[in-house]
Each structure stands twice: as structure tokens, then as C-alpha cells.
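Read through the structure below, which is laid out as C-alpha cells, and then see the notes.
The values are calculated or read from the model by the stated rules, or taken from the named source; none is laboratory data. Because the structure is predicted, anything quoted here is derived from the model rather than measured. Virtual Cβ from ideal backbone geometry, glycine too; neighbours counted across all protein chains shown. The area values use the complete protein model at the heavy-atom level, side chains included, leaving out ligands, DNA and RNA. Shrake-Rupley method; radii C 1.70, N 1.55, O 1.52, S 1.80 Å.
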Amino acid sequence: MKAKIQEKFESLFGEEGILYASAGRINLIGEHTDYNGGYVFPGAINFGIMAAIKPNGTDKVKVYSLDFDQMSEFGLKEEDKPKEAWACYVFGVCRETIKRGGTVKGFNAVFAGDVPLGAGLSSSAALESTFAYAVNDLFNDNKIEKFELAKIGQSTEHNYCGVKCGIMDQFASIFGKEGALIRLNCKTGEYKYFPFHPKGYKLVLIDSCVKHELASSAYNKRRESCEKAAAEIKKLHPEVDFLSDAKRLWLDEVRDKISQEDFLRAEYVIGEVQRVLDVCDALERDDYETVGEMMYQTHFGLSRLYEVSCEELDFLNKLARKMDVTGSRVMGGGFGGCTINLVKEELHDIFIETAVEKFTEKFGHAPKIYEVVISDGARKL
Ligand code: ADP
Ligand code: MG
């Protein structure tokens, strides 16, 4: 990818660019916890975006997408928003940097990536992080803090791409380190690295390639349930601002005060917050069997209590269990997308083969397989 990018940069701009890269991400555990003030536990992966960039001495940006084979040119003022959707991510990063008092001048760029688009691996965050990191390095002496770089990416999605996302994707993409997952407290912003060296295991994503339409209305309903349960618990325990602050026992105390549905949603969230902590403990002991068991518990919770799974994902999860795969669960918001699987090396080939065959037989299309390794996030090459 590097050679192709530099080659294109030279042919377009007659010199070499400076290379930057960033990564997509997975989330090992901690699903639907972010808006409940709980933990998420992501890591950057070996799929990313790479860019060659060089200041051009003007006040214009010329950026070429190798994957879309398209050039976009834009100025750096609010009214200069480009028409190409992909270029809005780059423009947004420039604008959000400027809004925070940072400097951005004109530059030339060529970029490409290998994060599958829209598969739940956050190609958009990889794109934003690459440019946020580069702009900080090229024009701001790296004075903008890393957390702020992640927020620049998040605000880009909010203000220039119409996606009201949380901070996890950009956080992981900016902070990611090879062989480490990052536990982020979504309430306080505190974070901590944990070793992830699953020797003898592989991390495999199976992309169901389905997206059920329910997703956004169901998402809002889940949030409402969580808020209602938290508010009820708060009447007895004033320290509870988010569901993540509540003990499991406290939920039982309000059982008669909330609907059965809200109860189940809250039961999942409170369990999930604890599971992230349990997985972190297990990782410090290199205990990947416990990690895997927690992944299954999360899947059960998402499927039966939170009810955001679907037939395709339950099918993949059940098959993993049947084949003695160490851990498996739906990753992301649900209603489609990928399962993330922790698989012993000796089981790997037969599991993938069987999953592809059985899934295709049942659903009429093949799933996609991504082998992921926890890798570095945003960086200069
Ligand atoms: P994801 O879940 O992968 O982040 P999004 O819909 O949020 O999916 O972001 C995908 C969008 O990000 C693409 O439609 C495109 O505009 C931009 N993008 C991501 N990767 C690339 C790439 N390699 N080249 C050009 N644009 C990209
Ligand atoms: Mg995205």
C-alpha cells in the first residue's frame, strides 16, 4: 500500500509525501455500555488507512482517494465543504482543528485503506485519526493532546458527516498500541492499557453482511429503558447517575417499579460493566478461557436480555459454541454486522470453513472473514 500511495503522490505532485497511518478497531467486550457511563474495551487493528501528505504553501487542500480514484479540492473555511462524502472526513478534521485554535494550512495528500467500509471496524475513525494526527504533527508541533485528537474525529462525524457517534472509535484509533487493549471509562475519560497476547489463539471476525433496519429506533428505545431504570434506582441511591453506577442488588430493589422490559435491559448493562472488569483481570493472568466465557455471556445478554441480536448472529454464535470455540459474541450495536471470535489455532481453519459453509447454506450468501491482530493506532511512519 505504501509504495502505491507514494507513487501516486509523486505522479500528482512531483515529490514525496510524509507518511502517516491509523487503524480501525475492534471492541473485545463492553457493548451498549458507553451511554450508560460504563467501560468499553477496544483496541486498534491491523487494518487501517495510510496517507502521504505534504504542505503545499497555499490555503487549499488537494486530497486524492486511491480507493475511490477521485480527487477533491477544498479551502479551509466553513463554507468550503467538499461535495465528495469521503472528503468531508478530511475537511471536518481540518475545520475541527481550526475551531479549537489549531493551525491548518494547505496541503496535498494521497490516501488508501484496507478497513472494510461499514463493517463495524470503523474505517471512518481510521480516516479521521490519520489526518488529525498528521495535521497536529505538520502544523501544530504535536501540541494538541491525543484525547483532543480523538474528539476532533468525533466532532467531524457529528458536524460534517451526520453521524452522532460516541468517542470509542476515535479513541481506539488514536490511542491504539500493538498487543494492548484499552479500557476506557466512558463517564470520566480515564483509560488503562491491558496486555493482549493471545498466544495459541486467533481473533476472527465473521461478518454476516446483513443490516436489519430496526437498528436506530431500537437503539433509542434501549437508551430510554436504561435511563428509566437508572432514574428509579437513583430515588433510593442518589449517587447513581448512570446505570453503570448501580449494583445488581439495587436493580432488584426497584423491580416492581419498572417494566419487565426495562428490568431486563438494565440487568444486561449492569452485568456487562462487571464483565469488562472480569475480562481485564483475566487478561492480567493470561487467562483467555475466562475471556472467552465472558464473551459468550455478553452474547447471551445482548441476545436475550437486551434483544439486539438477530437470527444470523445467533446462528454464528451457536455454531461457535458447538465447535468449542473459546469465545464468541456479536460485536457492535447489533441487528447485523460481525461476530468476534476467540479461536484456538488448531480449531481455526475448520471453524472458518464450517461457519462459511453452514452460514451460506442457511442464509444464501457467504459471510466475510477478517483475521485481526491488535496493532498500533495513529502514527507517523
Ligand atoms: P465504518 O463503520 O467503516 O466507519 P462509516 O459509514 O462510518 O463506516 O464510514 C465509511 C465512510 O468513510 C466511507 O463511506 C468513506 O466516505 C469513508 N472512508 C473509509 N475508508 C475509506 C477509504 N479507504 N477511502 C475513502 N474513503 C473512506
Ligand atoms: Mg464509522
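Is it the case that the range 355-374 has a residue that's modelled with pLDDT under 95 and in contact with a helix residue (DSSP H, G or I) (Cβ under 7 Å, 6 or more places away or on another chain)? Among the residues of the range 355-374, not one is modelled with pLDDT under 95 and in contact with a helix residue (DSSP H, G or I) (Cβ under 7 Å, 6 or more places away or on another chain), which makes the answer no. Taking each residue of the range 108-133 that is over 15 Å from residue 42 (Cβ atoms) and β-branched (Val, Ile, Thr) and looking for partners that are at pLDDT 95 or above and within 9 Å of ligand 1 (Cβ to nearest atom) with beta-carbon atoms closer than 6 Å, six or more apart or interchain, yields 130/49.
The set of residues from the range 152-169 being among the hydrophobic types (A, V, I, L, M, F, W, C) and either more than 10 Å from ligand 2 (Cβ to nearest atom) or open to solvent by less than 20 Å² (accessible area, probe 1.4 Å) (or both) comprises 152, 167, 168.
Tell me yes or no: at least one residue of the range 213-228 is part of a strand (DSSP E or B) and closer than 27 Å to residue 308 by Cα. The answer is no, given that none of the residues of the range 213-228 is part of a strand (DSSP E or B) and closer than 27 Å to residue 308 by Cα.
Reported count of residues in the range 280-308, each being in a loop (DSSP other than H, G, I, E, B) and open to solvent by 20 Å² or more (accessible area, probe 1.4 Å), is 4. The C-beta contact set for the range 90-106 (first residue under 15 Å from residue 159 (Cβ atoms), second residue open to solvent by 20 Å² or more (accessible area, probe 1.4 Å) and modelled with pLDDT under 95, distance under 6 angstrom, 6+ apart or interchain) is empty. Residues in the range 1-35 that are charged (D, E, K, R) and buried (at least 17 other Cβ atoms within 10 Å of the Cβ): 8, 25, 31, 34. For the range 240-266, the set of residues classified as open to solvent by less than 50 Å² (accessible area, probe 1.4 Å) and not aromatic (Phe, Trp, Tyr) consists of 240, 243, 244, 245, 246, 251, 254, 258, 262, 264, 265, 266, listed by residue number. If you go through the range 157-191 and pick out every residue that is within 12 Å of ligand 1 (Cβ to nearest atom) and within 17 Å of residue 272 (Cα to Cα), you end up with 1. Screening residue 76 against (1) open to solvent by less than 40 Å² (accessible area, probe 1.4 Å); (2) within 16 Å of ligand 2 (Cβ to nearest atom) leaves a single unmet condition, (2). Checking 108, 56 one by one, the residue that is away from ligand 2 (no atom under 16 Å from the Cβ), surrounded by 17 or more Cβ atoms within 10 Å (Cβ to Cβ) and either under 24 Å from residue 10 (Cα atoms) or at pLDDT 95 or above (or both) is 108 and no other. Filtering the range 106-156 to residues that are in a loop (DSSP other than H, G, I, E, B) and either within 12 Å of ligand 1 (Cβ to nearest atom) or closer than 15 Å to residue 168 by Cβ (or both) leaves 114, 115, 116, 117, 118, 119, 120, 121, 122. Sub-6 Å Cβ pairs linking a first residue in the range 66-86 that is within 16 Å of ligand 1 (Cβ to nearest atom) to a second residue that is among the aliphatic types (A, V, I, L, M), at least 6 apart or interchain, are 66/112; 67/112; 72/63; 72/87; 74/61, ordered by first then second residue.
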